[in-house]
Amino acid sequence: MRRHTVSTAVALCAASLLGVMGTASAAPRAAEAAHTAQRQQPVDPVLVDCFWRPQLQPGDFMIACGDGNSLLTSLHWSSWGADSALAEGVNVVNDCVPYCAAGRFHSYRVIVRLDDPQPWKKHPQVRHYTRMSLVYTDGRPAGYGRVETYPLWN
């Protein structure tokens with residue numbers, strides 16, 4: 001009887017070990033298939049920030065990286081797609097009067113449009129938006145047009 005118990009235990013251990021090995025050998029194939037499917041899906045472009053980090057639908061975005069005198073805040077994205085992205089928000093701009101260090105910041109409602117996605121030089125497999133247009137909906141900074149378009153860094 002003892003002999004039957006030992007051989008049953010050995011058989012169960014061997015069967016469970018084969019089951020684990022079968023699952024383990026299937027895991028790399030499943031991971032590879034998922035990776036292949038992920039590569040085949042189109043990935044939406046990113047917005048590259050001042051620190052060269054890719055952003056998707058950021059709530060805030062610094063336009064003037066050098067001096068911080070223009071910032072987008074309270075961004076609410078209505079679309080973010082393969083060709084363009086659209087948001088509403090606020091452009092906070094320094095008036096630089098009498099000079100930028102002594103200037104005051106003013107807020108202006110804007111519609112933000114990102115477009116012209118291109119491969120990102122830092123990561124060519126990633127596309128990034130290369131143009132930003134701001135439409136001022138209620139007032140605008142002195143010297144600005146109703147629509148301002150900026151190239152975005154690469």
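Consider Ala82 against the criteria (1) without any contact (Cβ under 8 Å) to a residue 24 or more places away in the chain; (2) surrounded by fewer than 13 Cβ atoms within 10 Å (Cβ to Cβ); (3) under 16 Å from Leu47 (Cβ atoms); (4) not basic (Lys, Arg): it satisfies all of them except one. Which criterion is unmet?
Unmet condition: (1).
Do you know which of the residues in region 112-154 that are free of Cβ contacts under 8 Å to residues at least 60 places away in the same chain and polar (S, T, N, Q) is nearest to Gln55 (Cα to Cα)?
Only one residue fits best here, namely Thr130.
Taking the conditions exactly as written (assigned to a loop (DSSP other than H, G, I, E, B) and aliphatic (A, V, I, L, M)), does Val97 satisfy them or not? Write out each step before concluding.
On the way: assigned to a loop (DSSP other than H, G, I, E, B): yes; aliphatic (A, V, I, L, M): yes.
Spelling it out, Val97 is indeed assigned to a loop (DSSP other than H, G, I, E, B) and aliphatic (A, V, I, L, M).
Among (1) aliphatic (A, V, I, L, M); (2) exposed (fewer than 14 other Cβ atoms within 10 Å of the Cβ); (3) in a strand (DSSP E or B), there is one condition Val90 misses while meeting the rest; what is its number?
If we test Val90 against (1) aliphatic (A, V, I, L, M); (2) exposed (fewer than 14 other Cβ atoms within 10 Å of the Cβ); (3) in a strand (DSSP E or B), just (2) comes out false.
With respect to the numbered conditions (1) part of a loop (DSSP other than H, G, I, E, B); (2) free of Cβ contacts under 8 Å to residues at least 60 places away in the same chain, which one is the sole condition not fulfilled by Trp52?
Going through the list (1) part of a loop (DSSP other than H, G, I, E, B); (2) free of Cβ contacts under 8 Å to residues at least 60 places away in the same chain, Trp52 breaks only (2).
Could you say which residue among Thr5, Thr23 is exposed (fewer than 10 other Cβ atoms within 10 Å of the Cβ) and either assigned to a strand (DSSP E or B) or modelled with pLDDT under 50 (or both)? Reasoning before the result, please.
Working: Thr23 fails: exposed (fewer than 10 other Cβ atoms within 10 Å of the Cβ).
Of the residues listed, the single one that is exposed (fewer than 10 other Cβ atoms within 10 Å of the Cβ) and either assigned to a strand (DSSP E or B) or modelled with pLDDT under 50 (or both) is Thr5.
The values are calculated or read from the model by the stated rules, or taken from the named source; none is laboratory data. If you're wondering where the values come from, they're calculated on a predicted model, not measured in any experiment. Counting neighbours? That spans all protein chains shown, and the Cβs are built from the backbone with ideal geometry, glycine included.
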